[in-house]
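Right, one structure below, let's go through it.
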Amino acid sequence: MAGGDDTLRARLAELEARCAALAAEKATLEVRIAALDEEKRHYRWLAESTTDLISRHARDGTFLYASQAARDLLGYEPEELIGVSAYDLFHPSDLADLLNKSPRVYYHDGFYQQTYRFRAKAGHYVWFETTSRTRRDPASGELLDILCVSRDVSRRIRAEANRERLARVVESTTDYVLFVDGDERIFTSNEAARRLLGLPRDGQRVCLERAYTAESLAVLREIVLPAVARYGSWSGELAMRGPKGPVPVLSVVLAHHGPGAEPDHLSLLNRDISLRQAAEAQARRHQEQIAHANRLATTGELASNIAHELNQPLGAIANYTSGALMQLAADPGRPAGDLELPLSRINDQVQRLAERLRHIRHFVRKGQTRPRPVVLLEVVDAACRLCEWQYQQGGIALEHELPETLPRVLADPVALEQVLVNLLLNALEASRGWPGATRVAIRAHRSGPREVTVTVSDQGPGIDAAQAERLFTPFHTTRPDGLGMGLAISHSLMEAMGGSLALAPPDGSDGATFAGTLQAEPGTLPRPRPD
């Protein structure tokens, strides 16, 4: 009996050990199951939290599962998609592309990617990029389901379409478009630039010296590139190399910014302005011809002044010559030194006459308008001298007092004198015969850091609003014998010199005031007033 008890006790101990092992194994399994459940919940949480649509489909495309992203991407609740074939929501054109693929792609190889349009609940289409993987039974190889991850790529597709459209526009435009790297090498260009510069089509990089003249290349390196590095862009006129010589262009240089852009890469857009420059030159020539004709007409109006200018020194010369001859007749043997005074006076009058003739000839001479720094007071004095005789005949005082502190202005002296003469003669015509009109005043003042304004004011009837709107229109005149070109030409001449001419707003006094504004000479600052 004792032996049997020992056997039973041994077997019982063995069973208890096995039970303990099973219990430990059960506890381990429970831990593993709990871990698997936790991992399953984690993966489900990831699937439900991602912004991509995760879905599972049957062989015919029917939804077996859809994540919560369906709500945000398509407007469907996930439950609404279960049992619906995804193929029914494809854009017809994209479905045809998918079905025309070889079945090996999405059935046998087990992995494929497709970009297509998918219809949302609201009826519009969303661009999807879907990565799919098939799952098969290991034993039979039968297709079990298809797992898909779909991402909304509408923004990317639109951006790519925009880039493609812009690329086609850049390639087809007649502007010369260049893309340059940090080593000043052209790595891309459009068709127009390739034709102009003879660049290769294979993308071979060539130096920027091949595109621009030496002078423009110096401007690019010394001015343009530092400006682009600081401000991001620059625009101005340059000259490119062409098969028949330099081609003037209006250039816009832009720095590349944004994701993926190289910081030292630049875009250079160049528009041929040869025709524009030719048209501008023709317009300048035409304007100069009209201005010359106006000066000739003005000279006709100043004929009496010219006669006076000539008559006065000629009369003085005649008087001094007559006096000298009388002295010689009275005493033929007198020393020549006694004639020094009349001869010097004659010389002075000859010089004065020559100066007047040079001034009149200079005024009527045909030439180009070339602004340069000039002293405003000198031009005003010259214009007043030309009009002085008319003002004396009309009984109107001509007043001008310009501050000595005014800087020089950028102007063509002849053109500016013509503008002032036109304004002075108009002011005289408005004042002549008008009750209470006794004077015309020329004033000037600094109107800005780089501006000087000169005004001509009369005491005539003024200009009403209806006339003011057409003052500078060619052939518009209020004078019976006027051509209507003086103010129009004056306006054009002021603009050609970089300035402006306008009728000043009424200030409550009688008459009209015209204000011409010119740029001051660079680097000139207001002088301090003396204490």
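Per-residue 3J(HN,Hα) values for segment 143-148, derived from phi via the Karplus relation 6.51 cos²θ - 1.76 cosθ + 1.60 with θ = phi - 60°, read 5, 8, 6, 10, 9, 10 Hz in sequence order (x marks Gly and Pro).
Let me spell out the model: positive unit charges on the Cβ of Lys and Arg, negative unit charges on the Cβ of Asp and Glu, origin at the Cα centre of segment 119-216. What dipole size does that give, in debye rounded to 20? Don't jump to the answer; show the numbers that get you there.
Numbers: 18 positive and 16 negative charges, 102 e Å.
Computed charge dipole of segment 119-216: roughly 500 debye.
A simple spin-label model places the labels of Gln393 and Asp264 7.4 nm from each other, with each point 7 Å out along Cα-to-Cβ. Around the Cα centre of segment 48-153, unit charges on the Cβ atoms of Lys, Arg, Asp and Glu (plus for the first two, minus for the last two) sum to a dipole of about 240 debye.
Full-extension gain between Asp137 and Ala279, please, as 0.36 nm times their residue separation minus the C-alpha to C-alpha distance. Intermediate results must be reported in sequence, preceding the final value.
Working: separation 142, 0.36 × 142 = 51.12 nm, distance 8.02 nm.
Full extension of this stretch gives 43.1 nm more.
Projecting the Cα atoms of Thr174, Leu254, His265 onto the charge dipole of segment 173-272, computed from C-beta unit charges around the Cα centre, puts Thr174 farthest toward the positive end.
The length gained on full extension between Ala13 and Arg56, counted as 0.36 nm times the residue separation minus their Cα-Cα distance, comes to 10.3 nm. Charges were assigned to the Cβ only: +1 to each Lys and Arg, -1 to each Asp and Glu. The resulting dipole of segment 173-272 about its Cα centre is roughly 260 debye.
Hull surface divided by four, with the convex hull built on the Cα atoms of segment 48-153: how many nm²?
Values: hull surface 25.8 nm².
Taking a quarter of the hull surface, the average projection is 6.5 nm².
Histogrammed with a bin width of 10 Å, the alpha carbon distances of segment 173-272 distribute as 16, 54, 28, 2, 0 percent, first bin at zero. Our Cα-only numbers for segment 138-211 put the radius of gyration and Dmax at 22.1, 70 Å. Distance between the C-alpha centres of segment 169-204 and segment 229-254: 13 Å, rounded to the whole angstrom. Measuring r between the beta carbons of Leu343 and Arg370 and using R0 = 56 Å, the FRET efficiency lands at 0.90.
Bear in mind that the values in this text are calculations on the coordinates, not laboratory data. It should be emphasised that the depicted structure is a prediction, and the values quoted were computed from it without experimental measurement. Note: ideal-geometry Cβ built from the backbone for every residue, glycine included; neighbour counts use all protein chains shown.
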